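Inspection log for the structure reproduced underneath, given as structure tokens.
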């Protein structure tokens, strides 16, 4: 057997695998999370999920086509808002390749009656800058977080939410309670430690449904 034939025999026939197995491999390759620096003042934290690797897209044409096609429904950007008390916000240019994203998820912290800085105005400004860089965006989901056990002015909250609901791609908006201690370093905020949803935006009616504390507890 020649060296060339022996080398050919040792090449794994990836495309000889069933499509289901290839898709499983593509999904595994797309499971990595990439952290993005997007906030000009360091108060926005973002991560990209399900985006294809530029290097793997160079394997060959069939691999690239299947790999990229598999990423299309998975690719999303998640943004965590750490803007409390900052009015000079801005969004940097997103890395190459992120513009193909079709899904955006926002974790927002809202202080409806904050007299000095309008949280909703800061959110609206940042979201507008983000969406300009995501021309293929089809769906936006928003989780709004309110400080636990604090009574909010309902009209102020409604006014703030109206600016978020105006997003053209908004599909869901849920409100949660979060334990936030004044003076705690903003970088330490953890949106996974929350209770709810306590309220939800109903797309069909355009109204906010209040679940109340008891139902929120039951959902935990």
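The values are calculated or read from the model by the stated rules, or taken from the named source; none is laboratory data. Model, not experiment: these values are computed from the prediction. Every residue, glycine among them, receives a Cβ derived from its backbone with ideal geometry; neighbour counts consider all protein chains shown.
Conditions first: (1) in contact with a strand residue (DSSP E or B) (Cβ under 8 Å, 6 or more places away or on another chain); (2) modelled with pLDDT of 80 or more. Residue 52 passes all but one, so which condition is the exception?
(1)
Do you know which of the residues in the range 163-191 that are surrounded by 12 or more Cβ atoms within 10 Å (Cβ to Cβ) and assigned to a helix (DSSP H, G or I) is modelled with the lowest pLDDT?
186
Looking at 40, 83, 44, which one is modelled with pLDDT under 80, within 26 Å of residue 173 (Cβ to Cβ), out of contact with any helix residue (DSSP H, G or I) (no Cβ under 8 Å at 6 or more places or on another chain) and surrounded by 13 or more Cβ atoms within 10 Å (Cβ to Cβ)?
Of 40, 83, 44, the one residue that is modelled with pLDDT under 80, within 26 Å of residue 173 (Cβ to Cβ), out of contact with any helix residue (DSSP H, G or I) (no Cβ under 8 Å at 6 or more places or on another chain) and surrounded by 13 or more Cβ atoms within 10 Å (Cβ to Cβ) is 40.
From (1) modelled with pLDDT of 75 or more; (2) at negative phi, pick out the condition that doesn't hold for residue 97.
So the condition that residue 97 fails would be (2).
If you take the residues in the range 115-144 that are at pLDDT 85 or above and more than 20 Å from residue 90 (Cα to Cα), which one is nearest to the chain's Cα centre (by Cα)?
Checked the range 115-144; the qualifying residue nearest to the chain's Cα centre (by Cα) is 141.
Going by the structure shown, is residue 71 at pLDDT below 80 and out of contact with any helix residue (DSSP H, G or I) (no Cβ under 7 Å at 6 or more places or on another chain)?
It is false that residue 71 is at pLDDT below 80 and out of contact with any helix residue (DSSP H, G or I) (no Cβ under 7 Å at 6 or more places or on another chain).
Against the condition touching a helix residue (DSSP H, G or I) at 6+ places or on another chain (Cβ under 6 Å), buried (at least 19 other Cβ atoms within 10 Å of the Cβ) and at pLDDT 80 or above, how does residue 108 come out, does it pass?
Considered against the rule, which asks whether it is touching a helix residue (DSSP H, G or I) at 6+ places or on another chain (Cβ under 6 Å), buried (at least 19 other Cβ atoms within 10 Å of the Cβ) and at pLDDT 80 or above, residue 108 comes out as yes.
Could you figure out which of (1) at pLDDT 90 or above; (2) surrounded by 20 or more Cβ atoms within 10 Å (Cβ to Cβ) isn't true of residue 61?
Of everything listed in (1) at pLDDT 90 or above; (2) surrounded by 20 or more Cβ atoms within 10 Å (Cβ to Cβ), residue 61 misses just condition (2).
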